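The values are calculated or read from the model by the stated rules, or taken from the named source; none is laboratory data. Nothing here was measured: the structure is a model prediction, and the numbers come from that model. Here the Cβ positions follow ideal geometry from the backbone for every residue, glycine too, while neighbour counts run over all protein chains shown. Accessible surface areas use protein heavy atoms only, side chains included; no ligands, DNA or RNA. Shrake-Rupley method; radii C 1.70, N 1.55, O 1.52, S 1.80 Å.
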Amino acid sequence: MVERRKPMWVKDAIDYVMQYKKHGEIEIVSLDDCDGRFLAEPLVADHDVPPFNRSPYDGFALRAVDTKNASRDNPLSLKVIDEIGAGHVSEFEVGHMEAIRIMTGAQIPKGSDSVVMLELVKEEKRSEGTLITIKRSLKEGENISFQGEDTKKGNPLIDRGVAINPGIKALLATFGYSNVKVSRRPLIGIIATGSELLNPDEELVPGKIRNSNGYMIESQILRAGAQYKRYASISDNLDKLYETIKLALDECDILITTGGVSVGDYDYLPEIYRRLGANLLFNKIAMRPGSVTSCAEKDGKLLFGLSGNPSACYIGFELFVRPYIRTWLCSERPYLRTISGTLKNDFSKPNPFSRFVRGKIVYENGNVFVEPVGLDKSGVVTSLAWADCLMILPGGTRGYMNGDQIELLLLEDQQGSEKPWVEAKFSKS
Ligand SMILES: Nc1nc2c(c(=O)[nH]1)N[C@H]1C(S)=C(S)[C@@H](COP(=O)(O)OP(=O)(O)OC[C@H]3O[C@@H](n4cnc5c(N)ncnc54)[C@H](O)[C@@H]3O)O[C@H]1N2
Ligand code: MOO
Ligand SMILES: [Mg+2]
């Protein structure tokens, strides 16, 4: 008798996973190696930026009051008493009708309160010294980048749990973090199961296909911010699979298997969860594809049993594994971000399960439209390469038509969302 499974709502399944959420320990990495890692502490300005008043132009620093009467008809001459480039500080103080030649980035000299650009003055080198002639007046503070105008000491800049991007790396360098506190990435074991699987370097033979899920999940793990350990793919052999899963559970923080979770003769994951004495969280979800996505817990570690079908496997990872990883990395926004878009196609057939259709966003006159990519079947692999979003078609009694407004989950987004997408059943309550 084939086992009957009761489908769980997507949101309930996410909640089950999140019951086991953890935060990774703090790890210190060098600034050189921090790209893509997640900050374990908030980043706070520990000094003013810029740290001193500086010139934003190559020009002359002077006292605005001295230029008060300067005009085209009344050019005024100032004596140049020093010259400084960025990184140097003048020892002189600018006095009445004096100026210091200053380059972009240099500290504003004492006595001066404004800068005139090189292009706006005439310079004359005389035996008694250099003079500049200025034909316009300046305001006090004109052309000065003030200390702290970028940010002030003590300002909070970036929350913990945010992925380090080029801009954040610039801030880390600005504040002298040659070492950075980041969250330790969870190590995720990956086991692809199935007697039909070949390695990418093997020739195709009848009945076999190459293991694409294993590599796809590795890439999804890296995109989510975690690290992986690859185990050799295992043919459909219960004992061998059991031993490998036990070993991987010891060695890793989280385990992902692909394939073998349905009700087929060689689908051994349900039996392995039983043998392990693991606590089964779910093995059927009211979604398409990925309805067979399973998750079990053993000694606080999660075993995600993703489908063997490539599209189901991909979506199972993004909906259930990604938020668990991002929460581990202390993100406050661990879920995929949702935006709304206008459907360009008809999906007239109603489906009781919510569908996550691989789609591509198209911008037309600044508006977001979305169209499906490739064949919308669970076993399809090609469409995954073309998709930049998952189009959500909530389950129910009606279909969806061209022009309908729907929600889209963004696959490449880094910002994330505080809350997961929730079926109407939940949003109504
Ligand atoms: N009688 C029923 N049959 C099936 C049901 C069901 O409810 N009743 N569910 C279907 C659904 S939905 C899905 S999804 C699949 C899930 O299958 P499994 O997770 O058990 O995966 P396998 O049987 O091992 O393989 C399915 C499919 O995927 C290919 N595959 C497997 N691993 C890989 C890999 N690493 N790279 C690329 N492709 C892979 C495999 O060759 C199969 O074609 O079950 C349905 N059946
Ligand atoms: O788990 Mo399946 O993906 O719904 O075809
Ligand atoms: Mg199967």
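A few points about this structure:
- Pairs with Cβ under 9 Å, 6+ apart, first in the stretch 83-105 and modelled with pLDDT under 95, second small (Gly, Ala, Ser) and surrounded by 21 or more Cβ atoms within 10 Å (Cβ to Cβ): none
- Here the stretch 142-197 is the region considered, the condition is being closer than 30 Å to residue 267 by Cα and of a type in the set (Ser, Thr, Tyr), and the residue that is farthest from ligand 1 (Cβ to nearest atom) is 195.
- Here residue 18 fits the description: hydrophobic (A, V, I, L, M, F, W, C) and assigned by TED's automatic domain parsing to the domain that holds residue 279.
- Number of residues in the stretch 109-150 that are polar (S, T, N, Q) and in a strand (DSSP E or B) equals 4.
- Residue 89 being open to solvent by 20 Å² or more (accessible area, probe 1.4 Å), assigned by TED's automatic domain parsing to the domain that holds residue 173 and more than 30 Å from residue 352 (Cα to Cα): no
- Test: residue in the stretch 18-38 that is open to solvent by 70 Å² or more (accessible area, probe 1.4 Å), part of a loop (DSSP other than H, G, I, E, B) and among the polar types (S, T, N, Q): yes
- Any hit, the stretch 43-55, residues being under 21 Å from residue 180 (Cβ atoms), in contact with a strand residue (DSSP E or B) (Cβ under 7 Å, 6 or more places away or on another chain) and assigned to a loop (DSSP other than H, G, I, E, B): yes
- Note on the stretch 302-351: among residues that are within 16 Å of ligand 3 (Cβ to nearest atom) and among the polar types (S, T, N, Q), the one that is nearest to residue 389 (Cα to Cα) is 311.
- Looking only at the stretch 346-385, and only at residues there that are free of Cβ contacts under 8 Å to residues at least 12 places away in the same chain and of a type in the set (Gly, Ala, Ser), the one that is nearest to residue 211 (Cα to Cα): 385
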